[in-house]
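Readers should treat all values here as calculations from the given coordinates under stated rules, not as data from a laboratory. It should be emphasised that the depicted structure is a prediction, and the values quoted were computed from it without experimental measurement.
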Amino acid sequence: MSIMVTELYDALRKAGVDEQLARDAARAVLGYDTRTELATKADLARLEAATKADLARLEAATKAALARLEAATKAALAELKVELIKWNVGAMAVLTAIFAAISRLG
């Protein structure tokens with residue numbers, strides 16, 4: 001028994017609890033049987049490998065998503081550039097016409 005289990009067992013015995021009942025109660029209250037839930041070195045190694053694989057998969061997915069985003073951004077900027085050129089040419093044509101009209105009047 002661990003120190004805490006032993007201390008609780010002793011306290012229960014001093015309080016007049018039956019020996020077997022005190023032992024069972026001490027183990028139950030302090031989680032004496034949880035030793036089977038502890039991770040082994042093999043468990044940790046397996047989890048480490050799985051975590052590394054997950055990270056590699058996430059890194060690849062992130063890189064692919066960023067590449068798609070970059071391509072979409074470049075395409076959107078190219079469309080915007082075309083639109084700006086159209087508007088500038090149109091505005092220049094209108095301004096030229098206005099300037100020509102003013103010149104004829106003056």
P(r) weight above 20 Å for the chain, C-alpha pairs, percent: 74
Karplus-derived HN-Hα couplings along the stretch 61-71 (A = 6.51, B = -1.76, C = 1.60, θ = phi - 60°), whole Hz, x at Gly and Pro: 5, 5, 4, 5, 5, 5, 5, 5, 5, 5, 5
The chain, helix-only ellipticity at 222 nm - DSSP H runs n ≥ 4, -39,500 (n - 2.57), divided by all residues, nearest 500: -30000 deg cm²/dmol
Spatially close lysines, pair count over the chain: Cα under 30 Å, gap of eight or more or interchain: 5
